[in-house]
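Read the structure below first, then the notes.
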Number of protein chains: 2
Amino acid sequence: MTTTKSAPTTGSDRILNFSAGPSTLPESVLRQAQQDLWNIDGSGIGILEHSHRGKVFDRVIDEAVADCRTVAGISDDYTILFLQGGASLQFGMIPLNFLTAGRTADYADTGVWAKKAMKEAQKIGSVHCAFDGSASGYDHTPDGTETTCTPDAAYFHYCTNNTIYGTQYPAPPTTDAPLIADMSSDIFSRPIDVDAHAMIYAGAQKNLGPAGCTLVIIRKDFLQTASRDTITMLDYFAHAANGSRLNTPPTFAIYVMGLVFKWILDQGGLATMRTRNAEKAALLYTAIDNSGGFYRPVSKTRCRSHMNVTFRTPNEALDEAFLQEAKTHEMSGLKGHRDVGGLRASIYNAFPRAGCAALAQLMSDFAARKG
Amino acid sequence: MTTTKSAPTTGSDRILNFSAGPSTLPESVLRQAQQDLWNIDGSGIGILEHSHRGKVFDRVIDEAVADCRTVAGISDDYTILFLQGGASLQFGMIPLNFLTAGRTADYADTGVWAKKAMKEAQKIGSVHCAFDGSASGYDHTPDGTETTCTPDAAYFHYCTNNTIYGTQYPAPPTTDAPLIADMSSDIFSRPIDVDAHAMIYAGAQKNLGPAGCTLVIIRKDFLQTASRDTITMLDYFAHAANGSRLNTPPTFAIYVMGLVFKWILDQGGLATMRTRNAEKAALLYTAIDNSGGFYRPVSKTRCRSHMNVTFRTPNEALDEAFLQEAKTHEMSGLKGHRDVGGLRASIYNAFPRAGCAALAQLMSDFAARKG
């Protein structure tokens, strides 16, 4: 017997959560976290209450770093950091550290968040918009012919997956500049070509864990080029020199991320994630494509996201009717972002295949009745 | 039956956690959090997994703000923000926003953290050290005669409680400048004269909740004076305009802080906290003062902290022997900070009186045997 009376063993009191983020986490991770909130590792102290400089948290963060390396095949050429402030703080830190005087940074504008990153850089220095997706309503990520690069650019910044529009780069863009990727909404959903990047970062709250922690993977020789002309908490070098413990880090978020890394490894790693996510996404895209034009996809086919499936019914009234039906099927979070409208199913790593099958079924039924 | 098998109803598997931070939280808060990790408000979705723009989190953050106002009697003249980056990011944000060209900011240096705040400001603009505590080994907070103020200073920054040394301001310092307080280690441990301050901030991880969230209370007319010449995530005005949801906030940390605010109110509010903390601290200071000189306090008597009780035995070997005995009594976290050595008992709001009584008893017994 425990006092967590409302938590059942079956999971039957949980619904299908299609939220774009924060989003569904593996249920085994939640169960472990429930226990460890009270008493972790038999220490007699809960995970929230442990000193960030004590042995238990040493174990937690050391394992999180090691497991992160294993998950993505990250070599010792890269430093792994757990920072705060979300991807949005990275938008400022990146140019403050790496957009040095006399240089230009290239930014691919594939949506609201990519544009926000670019705008922060424009406050700091010279920026070149290497791709302007706004002209086409952000309905695709650029192919090789659509991007223009600055010679000797300080870096090239892109966003691998655009949550709002449901577009995703099938592969990293080609550039001679150090490549920086915002992977907030698709990190660890598929194998990553880490070595193609100078830096990768991701807010945790979609594929990795709780909001309030940002995973930063940064090549050590690139880190050495940082200007460091900023306040201490924006200085990557200072964070790296202190092993993410320059000050008290977000210990619980790091702990949960560590559990999620172990879960990914237990499931078979990033290759398994890719296969599963492709299959889950295919269920929904097939429902769109087989609807006889009832559902209209937002993204071009070539770059459809495996994380966020975006589509519209013939009109807003039907979008709303669909949302109401979904609710009766215990499906939540399907409303599209206000910038795009329509519907969006976010199906990150921890979202179950059965949930995608259920949604695909509802989509087919709904189209048959209303089409 | 639930799957949180290791969580008992009695609390008997938890030990006395004297950690300086992150630190002990109320057990009722931990029990509630265990449940809500799985399914909060009957929503079928856990607190970690809820969109920061959905109805459940609206409820969480709205109640947290309202309860925070009630706890400390904070009027509508002040904005309440939940930010990331700990107090250390505030050290940079404060001068970036408020240390405008041609002005000087006053800083009272009462220890390592107060000095770090001052050093960040020195990167931005003109700083006057209004009190230099290093000369006396940071053994006290200044009385009214020890502080020198700059006429028309941009602001006066001080740290109410110095965790490392166990010193605490009995009352806010007197200055004509806008007063800014770092209350990271004693916020809500006693009633606060909010109206004496232009801004109050505190990392959550001692008295308020999980690491990874910073409570910022800022007077609206002072906020209007911010220069805003910085990146978006360091712009207080932008955070205030977006109700702490400029980007995804640390939702779980805000949720736990909300539970802690409710716990404080349930216990009787800040007056009760003050009384309890004074009584808890008195148990330990009495053990020091009655030890016939065996225990030597770090702080001057006038400004002894009610949060961090710092003392030394006659020598380092006895300090170590004490720590070993404490361990056998299921007491953890009593080692003093490396800058001071000796012993430190951190006894924040949620630390139980019985734990202080047990430590006081051990101190008396140990002194009688070793003295």
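Here are some notes:
- Point-charge dipole on Cβ atoms (K/R +1, D/E -1) for chain B, about Cα centre, debye to 20: 680
- A simple packing score, the average count of other Cβ atoms within 10 Å per residue, orders the peptides B:362-371, B:307-316 as B:307-316, B:362-371, with the highest score first.
- Residues of the range B:211-232 buried by at least 10 Å² of accessible area upon assembly of all protein chains, compared with the chain on its own (1.4 Å probe): B:ALA211, B:GLY212, B:THR230, B:ILE231, B:THR232.
- Global form of chain B, assessed from the alpha-carbon gyration tensor, a/c cut-off 1.5: oblate
- Computed about its Cα centre, the charge dipole of the range A:259-341 is approximately 380 debye, with only Lys, Arg, Asp and Glu carrying charge at their Cβ.
- Prolate/oblate/rounded call for the range A:112-200, Cα gyration tensor, a/c under 1.5 rounded: rounded
- Cα centroid separation, the range A:154-208 to the range B:212-229 (Å): 33
- For chain B, relative contact order (Cα pairs under 8 Å, six or more residues apart, normalised by length) works out to 22 percent.
- Eligible lysines near B:LYS327 by straight Cα distance, threshold 16 Å, same-chain separation 8 or greater: A:LYS55, B:LYS335
- Förster radius 51 Å - calculated FRET efficiency between B:ASP339 and A:HIS128 (Cβ-Cβ, nearest 0.05): 0.60
- Evaluating 6.51 cos²θ - 1.76 cosθ + 1.60 at θ = phi - 60° for every residue in the range A:101-116, the Karplus couplings come out as 4, x, 9, 10, 10, 9, 10, 8, 8, 10, x, 3, 6, 4, 5, 4 Hz, glycine and proline recorded as x.
- Approximate spin-label separation A:SER28-B:GLU316, in nm, with each point projected 7 Å along Cα-to-Cβ: 4.6
- Positive-pole candidate from A:ILE94, A:LEU37, A:VAL56, dipole of the range A:34-144, charges at beta carbon: A:ILE94
- The distance separating the Cα centre of the range A:322-365 from that of the range A:256-271 comes to 25 Å.
- In straight-distance terms, cross-link reach from B:LYS123 covers every one of the lysines whose alpha-carbon lies under 29 Å from its own, apart from those fewer than eight places away in the same chain; here that gives A:LYS116, A:LYS119, A:LYS123, A:LYS220, B:LYS115, B:LYS206, B:LYS220.
- Spacing of the modelled spin labels on B:ASP143 and A:ASP176, each 7 Å from Cα toward Cβ, amounts to 7.1 nm.
- The range B:275-371: C-alpha gyration tensor shape, a/c 1.5 cut-off, then a/b vs b/c: rounded
- For peptides A:104-113, B:203-212, B:346-355, sequence by mean Cβ density within 10 Å, most packed first: B:203-212, A:104-113, B:346-355
- Here is the list for the range A:245-290: trypsin sites (Lys or Arg not before Pro) lying in DSSP coil, each with at most 16 other C-beta atoms within 10 angstrom of its C-beta, are A:ARG245.
The values are calculated or read from the model by the stated rules, or taken from the named source; none is laboratory data. This structure is a prediction, so every number in the text was calculated from the model and none was measured. Cβ sites come from the backbone with ideal geometry, for glycine too, and all protein chains shown count toward neighbours. Protein only, heavy atoms only, side chains kept; ligands, DNA and RNA dropped before computing areas. Shrake-Rupley method; radii C 1.70, N 1.55, O 1.52, S 1.80 Å.
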